[in-house]
Amino acid sequence: MPYVSKWRFARITARKARLLTDLIRNRPVEEAMDLLKFNKKRGAIMVAKVLKSAIANADEQEADTEKLFVQQSFCDDGPIMKRFQPKDRGKSHSIFKRMCHITIVVEEGTPKMTRKKRLSLELRRTRLRKKAEKEAKAGVKAAPSKEPETK
């Protein structure tokens, strides 16, 4: 069952927020939160708030928050506030203060992946497993050896 959260009339342009919503799509919730936490963009805070709200909605419906992933994340254009900046000789330049609607949908389960992405993920996991086994063997061999004592 999908759990939806929206922030309507967010004071950021949709173009800037779309970069962040595209970044977290089809990722586990913990990974998406980490990506947003360490992102330098101003909109990352806004998207993170919407994601936290979606997680809270899922938790309220008694979903397993450990198995959640971001199923959909998108950003639509909102209304535009039109303002004017006075200039010299009676002229004025228009300023558009754009807004957007940020929507995030989370769901339980595993994200849908392409075959290529699934294979690369499995390859990465096997490499990490081999590396951990190698370090464990090196750690076992290194433990019994003693360094000469200095007096």
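Where a number appears in this text, it was derived from the coordinates with a stated rule and is not lab data. Predicted, not measured: the structure shown is a model, and the values here were computed from it. Positions of Cβ are generated from backbone atoms using ideal geometry, with glycine treated the same way; all protein chains shown enter the neighbour counts.
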* Within the chain, helix-based [θ] at 222 nm, where runs of 4 or more DSSP H residues each add -39,500 (n - 2.57), nearest 500 -> -14500 deg cm²/dmol
* **Cross-link pairs Lys82/Lys112; Lys6/Lys91; Lys41/Lys112; Lys41/Lys137; Lys67/Lys97; Lys41/Lys91 - those with Cα-Cα distance over 31 Å** => Lys82/Lys112; Lys6/Lys91; Lys41/Lys137; Lys67/Lys97; Lys41/Lys91
* Cα to Cα, under 20 Å, and not fewer than 8 places away if on the same chain: which aspartates and glutamates meet these conditions relative to Lys134? -> Glu122
* Asked: Lys/Arg Cβ at +1, Asp/Glu Cβ at -1, dipole of region 3-110 taken about the Cα centre: which of Ile102, Phe9, Asn26 is farthest positive-ward?
  -> Phe9
* Asked: When the convex hull of the C-alpha atoms of region 10-151 is computed, what volume per residue in Å³ does it have?
  -> 246
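Estimate the FRET efficiency between Leu119 and Asp34 by the formula 1/(1 + (r/R0)^6), using the beta-carbon distance for r and 22 Å for R0, to the nearest 0.05.
Given R0 = 22 Å and the Cβ-Cβ separation, E is 0.40.
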* Which of Leu36, Ala132, Ala54, positive extreme of dipole for the chain (C-beta unit charges) -> Leu36
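Taking the Cα centre of region 3-118 as origin, work out the dipole magnitude from +1 charges on Lys and Arg Cβ and -1 charges on Asp and Glu Cβ, in debye rounded to 20.
Details: 27 positive and 14 negative charges, 254 e Å.
Around 1220 debye, computed over region 3-118.
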* **Under the Karplus curve 6.51 cos²θ - 1.76 cosθ + 1.60, θ = phi - 60°, whole-Hz ³J(HN,Hα) for region 6-22, x wherever Gly or Pro sits** => 10, 10, 8, 6, 6, 7, 8, 6, 5, 5, 6, 6, 4, 4, 7, 5, 5
* **Stretchable slack from Ile95 to Ala136, in nm (0.36 nm times residue separation minus alpha-carbon distance)** => 8.6 nm
* lysines near Lys131 by alpha-carbon distance under 18 Å, same-chain residues fewer than 8 away left out - which ones? -> Lys141
